[in-house]
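This report refers to the structure that appears directly beneath it.
The values are calculated or read from the model by the stated rules, or taken from the named source; none is laboratory data. Computed from a predicted structure; not experimentally measured. Glycine also receives a Cβ, built like all others from the backbone with ideal geometry; neighbour counts cover every protein chain displayed.
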Amino acid sequence: MHQEITIVPKQEEHMKTYAFKVVVEPDGDRWFAYCPVLEKRGAATWGYTKDEALRSIQEATRLYIDSLLEHGDTIPADSPTEVMEEPAVAITV
C-alpha cells in the first residue's frame, strides 16, 4: 500500500514542503513502513498497527531531513516526490 507523507522544514525563512511516497505493508503481526527513496538512508520503521507504522515513518523521515538541514546538507534531489514553495498540508486517507 503506497501512501504519501509531507515534511515541512522547521525553518520559517524560505520554507519548502517536501512530499515523499511511503510503503506500509503487513509483516507478520506488525506493519512495516518505509520511504523507498530514503530506505537505504534509514527511513524505515514499523508499528503494531498500520496507523502506528505510518506515524513512525513520518517521524523517521522528519528526523532524517532535520538532521540533514541541521548539518547544512542538502536534501538529495532524487528523494522527494514533490517540492512546493508554498505551505501545504497532506492528508492520507
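A few notes on this one:
- Filtering the range 19-62 to residues that are in contact with a helix residue (DSSP H, G or I) (Cβ under 6 Å, 6 or more places away or on another chain) and of a type in the set (Val, Ile, Thr) leaves Val22, Val24, Thr45.
- You will find that of Thr45, Thr61, the residue that is at pLDDT 90 or above and of a type in the set (Val, Ile, Thr) is Thr45 and no other.
- Number of residues in the range 22-55 that are surrounded by fewer than 19 Cβ atoms within 10 Å (Cβ to Cβ) and touching a Phe, Trp or Tyr at 6+ places or on another chain (Cβ under 8 Å): the value is 16.
- Identity of the residue in the range 2-38, charged (D, E, K, R) and within 10 Å of the chain's Cα centre (by Cα), that ends up modelled with the lowest pLDDT: Glu4
- Strands (runs of 3 or more DSSP E) (entirely within the range 12-74) containing at least 3 residues that are without any contact (Cβ under 8 Å) to a residue 60 or more places away in the chain and under 29 Å from Glu86 (Cβ atoms): 17-27
- Verdict on Ile65 being under 10 Å from the mean Cα position of the chain (by Cα) and not small (Gly, Ala, Ser): yes
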